[in-house]
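Undergrad: Below are the structure tokens for one structure; questions will follow.
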Amino acid sequence: MDYIVKIQSRKLNKKHIALFIIIIFIILFIIIFFCIKNNKNENYPLNEINNELLIENIVEENVIEESKENTVKYNFEALNVEELDRFDSIYKTSDPKRIFLTFDDGPTNQVTPYILDLLKNEGIKATFFVLGNRVDTNPELVKREYEEGHFVANHGYTHKYSTIYSSSDAVVDEYYRTNQSIRNALGNQEYNSLAFRFPGGSVGGYYDSLKKATKQLLRENGIASLDWNALIGDSEGLNTKEKLLNRFYETVQNKSSIVLLMHDAADKILTYEVLPDIISYCRDNGYEFKNLYDVILRENQ
């Protein structure tokens, strides 16, 4: 009897041991399974999420940087003597070479948007000498110029010589009238255009003596006047791209600091069409593109 009990006890012990081993294997299997699962969940999806967040952050940062680059918020009450002197010496030798693309007589729906699109695609900031009466007609274009980082300068209100050059006070009045139009277009009553371009230029002609006196009057009010030292002849009746380019090559010569006169009036579509060739020429010849913010802020001067 005792022998039978011992045999049955041994059988039970073997069953218990086998059951215990099976339970251990099951527990180990469960542990290994969950470890693998957790490892996958923690590593791969988390990395994917992190990558997505990183991409989102990069995109967001790029958007912010692009916004900072394209939206200029500088407001200056008036130029000081040092800044006025930098405007006066803008044509002097520069290293590295530089070019200021300037456009007069706009903005117009016929030409200005195309020029802005091209400049945006090329990553170039220019200067627009706007007419007050056209600012009042096309305020959204002035706002776009400003928000895309271009300098909005002043070309008077009427461009009518008999009106603007009736006296020095008349010139100054047209400057401030246009300045107010620009403020209204931008929705920024603190903006000052600061740079004035005399219609027809500030030197020579029937009104030469009045212009000289007015330049001094503007300077006393912290306002610079700026002409040009190169042009494409788009206001000279040149009617082909080839003629405009030849005029450009002729007047640029070997200058290292160029202020280039162009126009974005309604009938100047050729200016837009020739602009890619001008940009290519400047890049091929080592010119950096600047606008008047660079003069005021003295960047790379």
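Undergrad: Could you say whether any residue in region 255-270 is in a helix (DSSP H, G or I), in contact with a helix residue (DSSP H, G or I) (Cβ under 7 Å, 6 or more places away or on another chain) and either free of Cβ contacts under 8 Å to residues at least 40 places away in the same chain or within 30 Å of N192 (Cα to Cα) (or both)?
TA: yes
Undergrad: Then there is this: Which one is nearest to the chain's Cα centre (by Cα), of the residues in region 125-156 that are surrounded by fewer than 24 Cβ atoms within 10 Å (Cβ to Cβ) and among the hydroxyl-bearing types (S, T, Y)?
TA: Ranking the candidates gives Y146 first.
Undergrad: In region 220-237, how many residues are in contact (Cβ under 8 Å) with a residue 12 or more places away in the chain and either surrounded by fewer than 16 Cβ atoms within 10 Å (Cβ to Cβ) or part of a loop (DSSP other than H, G, I, E, B) (or both)?
TA: The total comes to 11.
Undergrad: Further question on the same structure: Which of (1) in a loop (DSSP other than H, G, I, E, B); (2) touching a strand residue (DSSP E or B) at 6+ places or on another chain (Cβ under 9 Å) does Y206 not meet, given it meets every other one?
TA: (2)
Undergrad: Does R197 fit the bill of being of a type in the set (D, E, K, R), in the same structural domain as L261 (by TED's automatic domain parsing) and under 19 Å from the mean Cα position of the chain (by Cα)?
TA: no
The values are calculated or read from the model by the stated rules, or taken from the named source; none is laboratory data. Only a predicted model underlies this, so the values are computations on that prediction, with no experimental measurement involved. For neighbour counting, all protein chains shown are included, and Cβ atoms are generated from backbone atoms with ideal geometry for every residue, glycine included.
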